[in-house]
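Read-outs: derived from the displayed coordinates by stated rules, not from any lab. Keep in mind it's a predicted model, so treat the numbers as computed, not measured. Heads up, the Cβs are rebuilt from the backbone with ideal geometry, glycines too, and the neighbour counts pull from every protein chain shown.
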Amino acid sequence: MSFKIYPDSIEETHSNNLFRYILKVCNFYKPNSFKSFEHYPNKWIDKNFVSSMINLRKSKAIFSSIYDTIQLSNELQKIPFENNFENIASDFLQINKDNLSLRNIQFRMDFPNDSRNSYGWHQDNAYDQYNINSNNGAVLWLPLVNTNEENGTLEIKPGSELSSFDCSERVSSGDKYRSEQILVQKKYLDKYKSKSIEVKKNNSLATYCGIFHKSGENVSDHIRFTLVVRYNNQLSKDFLFYRNLKKN
């Protein structure tokens, strides 16, 4: 099994609370750039909201500050606990939830026709190397809007889900602004076919931390908002701190 979809993983109330918080943060950094919650009936895909966000994106400094503030916010950090995401990770990995560690939660904003923050084919376990075995790490991909190929839904390589992080290597990309990524080597990518997975809003796509994956290109007229939550089995002998102990 490459992945599993868990329906209604985020309560609509919690999605709305996060939306309110985004408005508050944006207005803090750029006053009066957004109206109140009630002015955006379609929330994340509301045309007026999307238009204001795109205008805000034009200021790199302000937008970067907003993005970094959101990642550290209590409003974002409490979502996994309010919605019991540990139950999803526990079910998917088939382990007791007491064995889980929560690596992080990330809030992504992928704008139309903007690939500046896109990654190539990668593995999440290549970045932390917490578990050697891919089936001891779960990644939950939770869109706040319905996703499809047009707005760049997640692409995976079924069959690669149990791959070791040794399949990846560090590479530099970009011309004017060089950035380092850890990407899957081509010789491993060529072994598997790609598949785009459509996911309904507030559902969770759970997969293993070693699967080859990337986000598609958003060519729609709205922003793809997504939460990414990563869990690991920390009471397994392939977990990083246990491995390090055995080396001594």
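Odds and ends about this structure:
- Matching residues in region 54-67 - criterion: being in contact (Cβ under 8 Å) with a residue 40 or more places away in the chain and touching a helix residue (DSSP H, G or I) at 6+ places or on another chain (Cβ under 8 Å): Arg57, Ile66
- Residue ID - farthest from Ser2 (Cα to Cα), chosen from residues in region 179-221 that are of a type in the set (Asp, Glu) and out of contact with any strand residue (DSSP E or B) (no Cβ under 7 Å at 6 or more places or on another chain): Asp221
- For region 21-56, taking the residues that are in a helix (DSSP H, G or I) and of a type in the set (Lys, Arg), the one that is surrounded by the fewest Cβ atoms within 10 Å (Cβ to Cβ) is identified as Lys47.
Listed here are the residues, each with its yes/no results for (1) part of a loop (DSSP other than H, G, I, E, B); (2) surrounded by 16 or more Cβ atoms within 10 Å (Cβ to Cβ); (3) more than 13 Å from the chain's Cα centre (by Cα).
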{"site": "Trp141", "(1), (2), (3)": "no, yes, no"}
{"site": "Pro158", "(1), (2), (3)": "yes, yes, yes"}
{"site": "Leu162", "(1), (2), (3)": "yes, no, yes"}
{"site": "Lys201", "(1), (2), (3)": "yes, yes, yes"}
{"site": "Ala206", "(1), (2), (3)": "no, yes, no"}
{"site": "Leu227", "(1), (2), (3)": "no, yes, no"}
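- Those residues of region 114-133 which are assigned to a loop (DSSP other than H, G, I, E, B) and either farther than 22 Å from Asn148 by Cβ or out of contact with any Asp or Glu (no Cβ under 8 Å at 6 or more places or on another chain) (or both), in sequence order: Asp114, Arg116, Tyr119, Gly120, Trp121, Gln123, Asp124, Gln129, Tyr130, Ile132, Asn133
- Condition met for Ile79 (β-branched (Val, Ile, Thr) and under 22 Å from Ser15 (Cβ atoms)): yes
- Any hit, region 89-97, residues being part of a strand (DSSP E or B) and of a type in the set (Asp, Glu): no
- Boolean, Asn17 is of a type in the set (S, T, N, Q) and without any contact (Cβ under 8 Å) to a residue 40 or more places away in the chain: no
- Test for Ile182: is it of a type in the set (Val, Ile, Thr) and assigned to a loop (DSSP other than H, G, I, E, B): no
- Candidates Asn146, Asn133, Asn87 - the one that is touching a residue at least 60 places away in the same chain (Cβ under 8 Å), among the polar types (S, T, N, Q) and surrounded by fewer than 18 Cβ atoms within 10 Å (Cβ to Cβ): Asn133
- A residue that is exposed (fewer than 13 other Cβ atoms within 10 Å of the Cβ), farther than 30 Å from Pro158 by Cα and of a type in the set (Val, Ile, Thr) cannot be found anywhere in region 68-77.
- Residue satisfying all of: in region 46-83; among the β-branched types (Val, Ile, Thr) and in contact with a Lys or Arg (Cβ under 9 Å, 6 or more places away or on another chain); farthest from Arg230 (Cα to Cα) among these: Ile62
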